[in-house]
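The values are calculated or read from the model by the stated rules, or taken from the named source; none is laboratory data. Values in this document were obtained by computation on a predicted structure and should not be read as measured data. Cβ coordinates were reconstructed from backbone atoms using ideal geometry, including for glycine residues, and neighbour counts include every protein chain displayed.
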Amino acid sequence: MAITIEKVDTGDRKKRAAWRPIALAVIGASVLITTGVGVFATLSASVNNVTPQAVNSGTLELSLSDNGAGFSNQIANLAPGDIVNRFVTLVNSGSLEGKDLTFSVASTGSTALITDGASPATTKALKVSVERCTIAWTPSTGACGGTTTTLLAPTTLAAAASSQNLISGAVDVAEEIYLLIKVELPDQSETTVNGVPPAFTVQGGAVDVTYTFIQSQRVAETTNS
Amino acid sequence: MSTSRVRHHRSIVILTLVAIPLLFSSPMVAAEHIARSQDSVSISSATWRVVATPENTSPSNQVLVLTWTVNQGTAHQFFDIVNVGTIAVTSQTFHMTNVLTNGGNSKPPLVTFTACLNGAWTAVDVCTGTAVELGSTATAFFSTVNTPLDVSGRIHVQATTTPRGTSSYTTTVGISISSDQVRPGTTISS
């Protein structure tokens with residue numbers, strides 16, 4: 001009995017067969033090119049610096065310290081017209097020059113102390129302002145032995161929530177910025193009758209205030225030397 | 001679904017997965033390098049509140065009502081003025097009103113209020129400190145008394161009617177404090 005074996009080629013096999021010569025040609029050409037270059041290379045010279053060049057990145061840091069009571073002690077029992085001066089020192093403590101020092105205030109607590117009252121309320125909220133002295137302030141007297149500059153006029157806590165520009169120019173490395181942060185409850189009229197304050201009152205309020213200072217990195221530089 | 005379509009969909013998914021992180025990371029790359037420093041402080045405001053309360057009792061935030069029944073003579077009552085706020089006051093404003101309750105007379109009798117400063121009333125008309133007349137009224141009056149009063153401080157007051165026949169009436173005593181009667185604003189550096 002004769003057995004017939006029929007070989008059936010699929011379409012894929014046909015395609016593979018067609019690519020085989022091309023692949024072989026490419027491989028062969030690669031070998032020739034690689035070995036050919038090696039054959040024609042003759043001499044080369046190289047040099048490198050004996051001492052490795054040291055490259056490091058700078059740091060941008062801003063430190064805050066109390067000068068006197070600073071922000072560490074609460075401000076309690078403010079009456080209309082009261083002003084409390086607190087003193088802090090900022091230092092550009094990194095190795096990079098900074099710029100554009102800004103200030104913002106985040107406040108939580110009694111609304112009447114954060115935002116001026118809207119009609120019919122006539123309450124006046126706490127205001128914060130910032131002054132700078134060229135030398136360190138004397139906390140006990142509030143005196144500046146140098147020259148003072150107003151960096152921020154009295155601003156309600158609500159308004160100071162947005163970033164307020166204090167210094168537009170450069171802040172040098174290790175530069176110390178001596179600041180007076182003034183908090184005041186504006187003078188205002190409010191009458192209590194038989195122990196009951198009016199509907200809109202600044203009395204007995206409390207707020208927690210977080211002061212944030214931010215400086216930006218100096219403009220990036222291209223140095224030729 | 002054919003093989004080519006599957007591959008096409010896979011390519012789209014891969015491109016999307018690569019593109020999304022790139023889109024979100026781009027602003028971070030462009031963000032400026034900043035340094036931040038912050039600190040917090042708590043701030044609170046004062047209260048200015050003064051009330052009238054029966055003698056040597058705990059104060060409450062309400063009008064004091066004195067009830068009188070006078071029968072052929074004078075009568076006396078004592079009450080305190082207490083600073084229940086958190087700040088000293090320089091003066092107080094009194095609001096006092098007499099109202100007949102039996103309708104027997106055409107008008108209420110005169111009532112005189114006398115404070116015993118830096119002392120207390122030990123008996124009728126006996127003040128261990130300095131007796132100062134605050135004022136008197138037959139119907140209504142208000143008066144500002146320039147007597148400083150520290151936090152939790154008390155001023156002891158004697159109310160006295162004038163001699164008259166039988167009558168019943170009430171006297172209400174209210175006190176108001178405006179911010180002008182609080183110590184002046186001060187500047188404190190520390």
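Yes/no per residue for (1) modelled with pLDDT under 95; (2) polar (S, T, N, Q):
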residue	(1), (2)
A:Asn165	no, yes
A:Asp172	no, no
A:Glu176	no, no
A:Lys182	no, no
A:Thr201	no, yes
A:Val209	no, no
A:Thr212	no, yes
A:Ala220	yes, no
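Close Cβ contacts (under 8 Å, 6 or more residues apart or on different chains) running from residues in region A:141-158 that are farther than 23 Å from B:Ile43 by Cα and within 14 Å of chain B (Cβ to nearest Cβ) to residues that are assigned to a strand (DSSP E or B) and among the charged types (D, E, K, R) comprise A:Cys144/A:Glu131; A:Thr148/A:Glu131; A:Thr148/A:Arg132. Please tell me if B:Thr114 is under 24 Å from A:Thr192 (Cα atoms), modelled with pLDDT of 85 or more and within 14 Å of chain A (Cβ to nearest Cβ). No.
Of the residues making up region A:103-114, those that are surrounded by fewer than 19 Cβ atoms within 10 Å (Cβ to Cβ) and in contact (Cβ under 8 Å) with a residue 40 or more places away in the chain number 4. Selection of region A:164-203 for residues being assigned to a loop (DSSP other than H, G, I, E, B) and of a type in the set (Asp, Glu) yields A:Asp172, A:Glu175, A:Asp187, A:Glu190. When you scan region A:54-72, do you find a residue that is within 9 Å of chain B (Cβ to nearest Cβ) and free of Cβ contacts under 8 Å to residues at least 12 places away in the same chain, even just one? Among the residues of region A:54-72, at least one is within 9 Å of chain B (Cβ to nearest Cβ) and free of Cβ contacts under 8 Å to residues at least 12 places away in the same chain, which makes the answer yes. For B:Ser152, indicate whether it is within 15 Å of B:Asn83 (Cα to Cα) and loosely packed, with under 14 Cβ neighbours inside 10 Å. It is true that B:Ser152 is within 15 Å of B:Asn83 (Cα to Cα) and loosely packed, with under 14 Cβ neighbours inside 10 Å.
Given the options A:Asn92, A:Asn77, name the one that is at negative phi and among the polar types (S, T, N, Q). A:Asn92 is the lone residue from the list that is at negative phi and among the polar types (S, T, N, Q). Being farther than 30 Å from A:Ser216 by Cα, more than 7 Å from chain A (Cβ to nearest Cβ) and surrounded by 15 or more Cβ atoms within 10 Å (Cβ to Cβ) is a property that B:Thr53 has.
Taking the criterion of being acidic (Asp, Glu) and either surrounded by 19 or more Cβ atoms within 10 Å (Cβ to Cβ) or more than 7 Å from chain B (Cβ to nearest Cβ) (or both), the only residue of region A:188-216 that qualifies is A:Glu190. Taken over region B:56-69, the residue count meeting the criterion of being closer than 15 Å to B:Thr171 by Cα and either surrounded by fewer than 19 Cβ atoms within 10 Å (Cβ to Cβ) or of a type in the set (Phe, Trp, Tyr) (or both) is 6. Scanning region B:20-67 for residues that are among the acidic types (Asp, Glu) and at pLDDT 90 or above returns B:Asp39, B:Glu55. Quick check on region A:115-163: of everything there that is of a type in the set (Lys, Arg) and in contact with a strand residue (DSSP E or B) (Cβ under 7 Å, 6 or more places away or on another chain), which residue is surrounded by the fewest Cβ atoms within 10 Å (Cβ to Cβ)? Restricting to residues being of a type in the set (Lys, Arg) and in contact with a strand residue (DSSP E or B) (Cβ under 7 Å, 6 or more places away or on another chain), the top hit is A:Lys127. Answer yes or no as to whether A:Thr122 is touching a Phe, Trp or Tyr at 6+ places or on another chain (Cβ under 8 Å), of a type outside the set (Lys, Arg) and under 30 Å from A:Ala220 (Cβ atoms). When the stated conditions are applied, A:Thr122 does not pass them. Residues in region B:38-50 that are within 21 Å of B:Thr93 (Cα to Cα) and either of a type outside the set (Ser, Thr, Tyr) or more than 7 Å from every other protein chain (Cβ to nearest Cβ) (or both): B:Ala46, B:Trp48, B:Arg49, B:Val50.
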